[in-house]
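Visitor: Submitted below is the structure of interest, expressed as structure tokens.
The values are calculated or read from the model by the stated rules, or taken from the named source; none is laboratory data. Note that the structure is predicted; figures quoted are calculated from it, not measured. Virtual Cβ from ideal backbone geometry, glycine too; neighbours counted across all protein chains shown.
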Amino acid sequence: MLNFYKKVAIALVGMLVFSALTGLLCARYTFRHAPLLPHNRSFTPWSVEAVSDELQGGNSHIAIQETHFSLVFDFLLKEGAEFPYTAFALVFAPTGELDRYLNLSPYSHLTFSVQCSRENVLTFALFTVDPQVSDPNDISTYRLPTTFFSCYEQWTTVSIDLTRLETPQWWFSLNSLELSQQGYDLTQVPRFTIGNSFQSPFDVNSEVRIAELTLHGRNWGYLYTYIGLLALCWILFGVWVARLHTKTLIQSLKEKMQKDRPLIAYKQLSLEPQKDREKENILRYMATQYANPELNLDVAISSLAVSRTKINDVLKAELGYTFSAYLNKLRLTEAARLLAEKKHISVAEIAYSVGYRNVPYFNKLFKSEYGCTPKVFKQSYSDDG
């Protein structure tokens, strides 16, 4: 059985390593991280664009200072336009080139660190294609799911839930759509913007710094596949261990039975000429009378008309056993043969047939001799057959 334990230990280590490696691989694909900053580490190309109400005759102004390691822009909000605004846009593809738009559906959150020169409330907006109203060549017709976040003089971390943005009411009014149509599609996103909100201060120059811009996603399909695969592998491992144990046990029992057979007296008598008649009588008597439940050392002494010392000396010299030990050896060896060959006979019947009146006692002796109960021994041979 030592080889069995070695094989199982090696296989167990292999299974643990396999589980750990596939777990790490699963985690990598389940929890996606796609950096956008720094620019040279971005998972997708992008450019920046500054937009303001100057196009509508307003006086607001925005200037982009840095785009490589972080995004830095200054804006000054002024009265003049009907709806004053400034914003910088992270552009993934030019308007109209739908095949180059970014698919954000695998991602649920956008995180970044932000710092403002003075406290502010800023707007985050996605541009998404709406099949009902969007003109691919007119960015103003795109849906604008939006949210707001606070910005302070200290660096803070912001997490935007891309799946829970709200489209402004004016967009529904402009496009004559019902307010209940809040759904939006993240599979085609040409850009997103970060700019002022209606709570941003006027006539005050504001600087905004953004770093560590990263998209995050979770695809639970990989995790479910991993759990299913791992469960299947461990089930197969358990089945393999059980079968290997049964196979090893059967082989071990067969070897033990083969080893024990020469200890049976009548086997030795058939192989070796007996010069000592008294010795021959003792061994033959044991070989033919072991199944007698009444047999004990006193009965043997009376039947053979020899001394207690002589019987024990013969058995010890020839076989290395005392009378009681050899009697149990004979009975258990024969019981093992019957269990292996007689599938239809019960354990109790076999116990009685080899000289045991107490089945639990027989079970105890058998387990001590063969390392398993008679029932398991019998079942192992049945499975092997």
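Visitor: Would you mention how many residues in segment 330-347 are of a type in the set (D, E, K, R) and in a helix (DSSP H, G or I)?
Guide: The first filter runs over segment 330-347 and keeps only residues of a type in the set (D, E, K, R), leaving 331, 334, 337, 341-343.
Still in the list and also in a helix (DSSP H, G or I): 331, 334, 337, 341.
Going through segment 330-347 one residue at a time, the tally reaches 4.
Visitor: Same structure again: Give just the number: which of (1) of a type outside the set (D, E, K, R); (2) outside any helix (DSSP H, G or I); (3) modelled with pLDDT of 90 or more; (4) within 25 Å of residue 246 (Cβ to Cβ) does residue 356 not satisfy?
Guide: The one condition residue 356 does not meet is (4).
Visitor: Another question, then. Can you pull out every residue in segment 366-382 that is of a type in the set (Val, Ile, Thr) and assigned to a helix (DSSP H, G or I)?
Guide: Pass one, segment 366-382, residues of a type in the set (Val, Ile, Thr): 373, 376.
376, the sole residue that qualifies.
Visitor: In addition: Regarding residue 60, is this residue more than 27 Å from residue 123 (Cα to Cα) and either of a type in the set (Phe, Trp, Tyr) or touching a helix residue (DSSP H, G or I) at 6+ places or on another chain (Cβ under 7 Å) (or both)?
Guide: On the way: more than 27 Å from residue 123 (Cα to Cα): no; either of a type in the set (Phe, Trp, Tyr) or touching a helix residue (DSSP H, G or I) at 6+ places or on another chain (Cβ under 7 Å) (or both): yes.
Against the criterion (more than 27 Å from residue 123 (Cα to Cα) and either of a type in the set (Phe, Trp, Tyr) or touching a helix residue (DSSP H, G or I) at 6+ places or on another chain (Cβ under 7 Å) (or both)), residue 60 does not qualify.
Visitor: Oh, and also: Looking only at segment 49-58, filter to residues that are touching a residue at least 12 places away in the same chain (Cβ under 8 Å) and loosely packed, with under 15 Cβ neighbours inside 10 Å; which one of those is farthest from the chain's Cα centre (by Cα)?
Guide: Within segment 49-58, the first condition is being touching a residue at least 12 places away in the same chain (Cβ under 8 Å), and the residues that meet it are 49-53, 56-58.
When the remaining residues are screened for being loosely packed, with under 15 Cβ neighbours inside 10 Å, the result is 49, 56-57.
Working: 49: 45, 56: 58, 57: 61 Å.
Per the criteria, the residue is 57.
Visitor: Go through (1) of a type in the set (Phe, Trp, Tyr); (2) closer than 30 Å to residue 103 by Cβ; (3) without any contact (Cβ under 8 Å) to a residue 12 or more places away in the chain one by one and return the number of the condition residue 29 breaks.
Guide: (3)
Visitor: Which residue pairs have Cβ atoms closer than 7 Å, lie 6 or more positions apart in sequence or on different chains, and pair a first residue in segment 233-248 that is within 20 Å of residue 381 (Cβ to Cβ) with a second residue that is modelled with pLDDT under 80?
Guide: That search, which allows pairs on different chains as well, returns 246/380; 246/383; 248/1.
Visitor: Quick one: which residue in 295, 327 is among the hydrophobic types (A, V, I, L, M, F, W, C) and assigned to a helix (DSSP H, G or I)?
Guide: Working: 295 fails: assigned to a helix (DSSP H, G or I).
The conditions single out 327.
Visitor: For residue 176, indicate whether it is of a type outside the set (Lys, Arg), surrounded by 11 or more Cβ atoms within 10 Å (Cβ to Cβ) and without any contact (Cβ under 8 Å) to a residue 12 or more places away in the chain. First the steps, then the outcome.
Guide: Details: of a type outside the set (Lys, Arg): yes; surrounded by 11 or more Cβ atoms within 10 Å (Cβ to Cβ): no; without any contact (Cβ under 8 Å) to a residue 12 or more places away in the chain: yes.
Taking the combined requirement at face value, the residue does not satisfy it.
Visitor: Moving on to the next point. Of these, 44, 22, which one is in contact (Cβ under 8 Å) with a residue 40 or more places away in the chain, assigned to a loop (DSSP other than H, G, I, E, B) and surrounded by fewer than 17 Cβ atoms within 10 Å (Cβ to Cβ)?
Guide: Numbers: 22 fails: assigned to a loop (DSSP other than H, G, I, E, B).
Checking each option against the conditions leaves just 44.
Visitor: While we're on this one: Does segment 322-340 contain at least one residue that is of a type in the set (S, T, N, Q) and touching a Ser or Thr at 6+ places or on another chain (Cβ under 9 Å)? Quick ask: steps written out before the conclusion?
Guide: To start, the set of residues in segment 322-340 that are of a type in the set (S, T, N, Q) comprises 322, 324, 328, 333.
Then drop every residue that is not touching a Ser or Thr at 6+ places or on another chain (Cβ under 9 Å), which leaves none.
For segment 322-340, residues of a type in the set (S, T, N, Q) and touching a Ser or Thr at 6+ places or on another chain (Cβ under 9 Å): absent.
Visitor: Just to verify a result, which residue in segment 132-163, among those that are free of Cβ contacts under 8 Å to residues at least 12 places away in the same chain and more than 19 Å from residue 195 (Cβ to Cβ), is surrounded by the most Cβ atoms within 10 Å (Cβ to Cβ)?
Guide: As a first pass, look at segment 132-163 and keep what is free of Cβ contacts under 8 Å to residues at least 12 places away in the same chain: 134-135, 140.
Right, trim to more than 19 Å from residue 195 (Cβ to Cβ) and you get 134-135.
Numbers: 134: 20, 135: 12.
Filtering segment 132-163 for residues that are free of Cβ contacts under 8 Å to residues at least 12 places away in the same chain and more than 19 Å from residue 195 (Cβ to Cβ), the one surrounded by the most Cβ atoms within 10 Å (Cβ to Cβ) comes out as 134.
Visitor: Right, another one. Just to be sure I understand, how many residues within segment 58-115 are more than 13 Å from residue 195 (Cα to Cα), among the aliphatic types (A, V, I, L, M) and touching a strand residue (DSSP E or B) at 6+ places or on another chain (Cβ under 8 Å)?
Guide: 5
Visitor: Can you name every residue in segment 124-176 that is modelled with pLDDT under 90, in contact with a Leu (Cβ under 9 Å, 6 or more places away or on another chain) and of a type outside the set (S, T, N, Q)?
Guide: 136
Visitor: I've got another one for you. Which one is surrounded by the most Cβ atoms within 10 Å (Cβ to Cβ) among residues in segment 317-356 that are over 20 Å from residue 371 (Cβ atoms) and of a type in the set (Lys, Arg)?
Guide: Among residues in segment 317-356 that are over 20 Å from residue 371 (Cβ atoms) and of a type in the set (Lys, Arg), the one surrounded by the most Cβ atoms within 10 Å (Cβ to Cβ) is 342.
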